[in-house]
Structures are given as C-alpha cells and as structure tokens.
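Engineer: Before we start, here is the structure in question, set down as structure tokens.
The values are calculated or read from the model by the stated rules, or taken from the named source; none is laboratory data. Predicted model only: the values in this text are computed from it and were never measured. Cβ placement follows ideal geometry from the backbone for every residue including glycine, while neighbour counts extend to all protein chains displayed.
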Amino acid sequence: MKLVTLEDYIIKKQADFPYATGELTGLLSAIVLAAKVVNREVNKAGIADITGAYGAENIQGEQQQKLDVFADEVFMDALESQGQVCGMASEEQEDFIQFDSHVAQNGNYVVMIDPLDGSSNIDVNVSIGTIFAIYRRVSPIGQPLEMRDFLQKGDKQVAAGYVIYGSSTMLVYTTGKGVNGFTLDPSLGTFYLSHPLMQIPKKGKIYSINEGNYPHFSSGMKKYIAHCKELNPDSNRPYSARYIGSLVADFHRNMLKGGLFMYPATTTAPNGKLRLLYECNPFAMIAEQAGGLASDGKNRVMEIEPTGLHQRIAYFTGSEDMVKDVERFLKEDE
Ligand code: AHG
Ligand code: MN
Ligand code: MN
C-alpha cells in the first residue's frame, strides 16, 4: 500500500482550492506544525505535573503556562509566520488580533480557533483537541482588520478542521470537497492519510449529551431524551449514551460511528454553551461535508449571522436522520 503524507496530499489537492495556488499549502502547514508542537506538550502533561510544571515556576523562574494558553500562543505564532493569515480570533482572547509582522500584513485569510477544546479533560488523561476555521478577509488588504472580517457566516468558511490528541493524534479537515483524516506517526512526526473521504452514517445509534442538565431542559428536549431510551428495536432504540465532555472527541466518535451530539439551550444557559465561531461553525462544515447536519434546533448553523465573537448557540450535530428527529421534537417548544 502506498502511504500518502498530509503534505503530499495538500500539494496534490491544492488545485481544488478556489483561491491562489500555494496559499492553502502554506496555511495548513502552519496548522500542522502547531498541532505537532501542541501534541508534544499534551503528551508530556502528566509527567510535567510530577516534575512541577503548569501553574508552577520552572527552573528559570518563569511561570509555566496552562496548556490552553500555551496552545493559543503556538497556533498564533505559527499562523503569523506563514504570511497567508493576517489575523486571528481565539476562544482564549477577548478581541481579535491583527498580526503586525511584515510577512502577515498582506495575508488574505483570517482564522478562528479553539486552541484547546475539552480542557477540563487534560488532568484526567482523556482526549482533547484543537478546532479551527479559515475565512477570506472581507475588508481591504493593507487596512486595519474589522469586526466584519470575523463575524462571517459559517457558509463563508473556506476550510475547517480539528486535531484530536487521543490514543492516536489525528488531523481532520475539509476545504469543501469532502473530509479527510490523517493520523500522526509520533516516531516520525508525519501525518498519513488514514481516513479518506469520511462519511457520517446517515442513521446513528449514539446520543451524546450532558444529561446532568436534564432538569433545565425544555419539554421537547426531555421528550427527545425519552425517545432515545425507548425500546423500539425497529429503529435501533434504545440508543447508547456516550459523552466524553470534549466536543472534539465526541464529534470524532460520531463521525466514525454515527450519532448525535447535543448541547441544547437550558433554563440556566438560554443560549447554550458552545461558541458559534470557534466550535459550532467548523464542525458544521465538517459534518455537512461528511453527509451529516448541524442545527441550532431550528436553523442550519452555517446560515446564522454572527453578532459577537464569543456568541453561544444551542447545538445539534451528527447523523442526518438524528438531527432531523431532534429538530422535530424541539418544534413542540415553539
Ligand atoms: P473548552 O474546553 O474549549 O472550553 O470547551 C469545553 C466544551 C466542549 O468541549 C464540551 O463539549 C463541553 O464544553 C462540555 O460541557 P459540559 O461540561 O457542560 O458538559
Ligand atoms: Mn471548546
Ligand atoms: Mn478551549
């Protein structure tokens, strides 16, 4: 079998990219490099704890950073130094950032990023990830970036992807022509194409939700949960419940096995928890490119006009039939 590396694949496919040749190659290689650096630190997190890193001072008396801050800086530096990206907005930072290095000023792209997703799982050795979305800047090049460069609809994404730091580390991305997954060989530091043209099964039998929030769910949501647990062998019910608490890991499992990830609105969090720009839109593009769907319960996620950088929405994504089912149940709340 011929092994295809991520670099080979990107170069081979760059003609599919609707914009200038070579831009995507540079941009993705910045992401790949940052992912490898973060992967190395994530893998060291347990041992670094024993040796007194993260939150403590190191030998030089410097304050060690938390992994999510570390990841944020690694991605920021890598993106700035490539030259295609002129700015970035991150879940870790209140405002968007305009890169001021000479090389980045004329970049055509902005990146939205959740540098470390599932960060509450770092301490317990459970999979975490990075989520990214790439857009064309809309304001004139050479001028200061504007909020409208970042508040673009998900439909405007030119690429989106995630890295999962799991039992294997994988990078999965789409440029709008299907979704491909690459697995890292840690000894060589090379990603190989392992999951070409990924497709989410149309029907699934896994539901993923933080069911501890049940008392705060709407009546439609409660009924859908009851539906998932109902005995009905013809439609594979009861479904299995799986919830890791790292969106990247829950989404990745559902990509491969089929299923539905839900983070609904609750009485205590009426807009849900997940962020439209850093989490929901990139996964919406990936889900749709893999034959699945992403909804806020009523609307297609990628058509939502963003109003704020850190906006949250209710979120349902995964197998097509399951997303349509939960939307039907939620209609009753209207
Ligand atoms: P982050 O670590 O980037 O803040 O994201 C955490 C998110 C997401 O990964 C996960 O699906 C969700 O929070 C879990 O929330 P609950 O603990 O409320 O279930
Ligand atoms: Mn997150
Ligand atoms: Mn995060």
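Engineer: Which residue, of G107, G178, G142, G166, is on the phi > 0 side of the Ramachandran plot and modelled with pLDDT under 95? Don't jump to the end; show me each part of the working.
Structural biologist: On the way: G107 fails: on the phi > 0 side of the Ramachandran plot; G178 fails: modelled with pLDDT under 95; G166 fails: on the phi > 0 side of the Ramachandran plot.
Every option except G142 fails the conditions.
Engineer: Against the condition outside any helix (DSSP H, G or I), touching a residue at least 40 places away in the same chain (Cβ under 8 Å) and within 16 Å of ligand 2 (Cβ to nearest atom), how does L309 come out, does it pass? Don't jump to the end; show me each part of the working.
Structural biologist: Details: outside any helix (DSSP H, G or I): yes; touching a residue at least 40 places away in the same chain (Cβ under 8 Å): yes; within 16 Å of ligand 2 (Cβ to nearest atom): yes.
Yes.
Engineer: Write out, first by first residue and then by second, each pair whose Cβ atoms fall under 6 Å of each other, whose residues are 6+ apart or on separate chains, and whose first residue, in the stretch 267-289, is over 22 Å from D333 (Cα atoms) while the second is of a type in the set (K, R) and surrounded by fewer than 21 Cβ atoms within 10 Å (Cβ to Cβ).
Structural biologist: If the second residue must be of a type in the set (K, R) and surrounded by fewer than 21 Cβ atoms within 10 Å (Cβ to Cβ), the pairs left are R275/R312.
Engineer: Could you please let me know if F132 is aromatic (F, W, Y) and either within 16 Å of ligand 2 (Cβ to nearest atom) or buried (at least 24 other Cβ atoms within 10 Å of the Cβ) (or both)? Even if it seems obvious, please write down each step before you answer.
Structural biologist: Values: aromatic (F, W, Y): yes; either within 16 Å of ligand 2 (Cβ to nearest atom) or buried (at least 24 other Cβ atoms within 10 Å of the Cβ) (or both): yes.
So F132 passes the test.
Engineer: Another one. For K177, only one of the following conditions fails: (1) out of contact with any strand residue (DSSP E or B) (no Cβ under 7 Å at 6 or more places or on another chain); (2) crowded, with 24+ Cβ neighbours inside 10 Å. What is its number?
Structural biologist: Among (1) out of contact with any strand residue (DSSP E or B) (no Cβ under 7 Å at 6 or more places or on another chain); (2) crowded, with 24+ Cβ neighbours inside 10 Å, the lone unmet condition for K177 is (2).
Engineer: Kindly indicate which of D95, D100 is more than 12 Å from ligand 2 (Cβ to nearest atom) and either free of Cβ contacts under 8 Å to residues at least 12 places away in the same chain or in contact with a Cys (Cβ under 6 Å, 6 or more places away or on another chain) (or both). Full working, then the answer.
Structural biologist: Working: D95 fails: either free of Cβ contacts under 8 Å to residues at least 12 places away in the same chain or in contact with a Cys (Cβ under 6 Å, 6 or more places away or on another chain) (or both).
The unique qualifying residue is D100.
Engineer: Do any strands (runs of 3 or more DSSP E) entirely within the stretch 61-159 hold 2 or more residues that are closer than 20 Å to A20 by Cα and not hydrophobic (A, V, I, L, M, F, W, C), and if so, which? First the steps, then the outcome.
Structural biologist: On the way: elements: 85-90, 109-117, 128-136.
Per the criteria, 128-136.
Engineer: Right, here's the next one. At least 2 residues that are within 16 Å of ligand 2 (Cβ to nearest atom) in each: list the helices (runs of 4 or more DSSP H) lying fully within the stretch 210-298 that qualify.
Structural biologist: Numbers: elements: 219-229, 247-257, 281-289.
The helices (runs of 4 or more DSSP H) meeting that bar are 247-257, 281-289.
Engineer: Away from ligand 1 (no atom under 13 Å from the Cβ) and either modelled with pLDDT under 95 or β-branched (V, I, T) (or both): which single residue out of N281, N236 fits that description? Walk me through how you get there before you give the answer.
Structural biologist: Details: N281 fails: either modelled with pLDDT under 95 or β-branched (V, I, T) (or both).
Exactly one of N281, N236 is away from ligand 1 (no atom under 13 Å from the Cβ) and either modelled with pLDDT under 95 or β-branched (V, I, T) (or both), namely N236.
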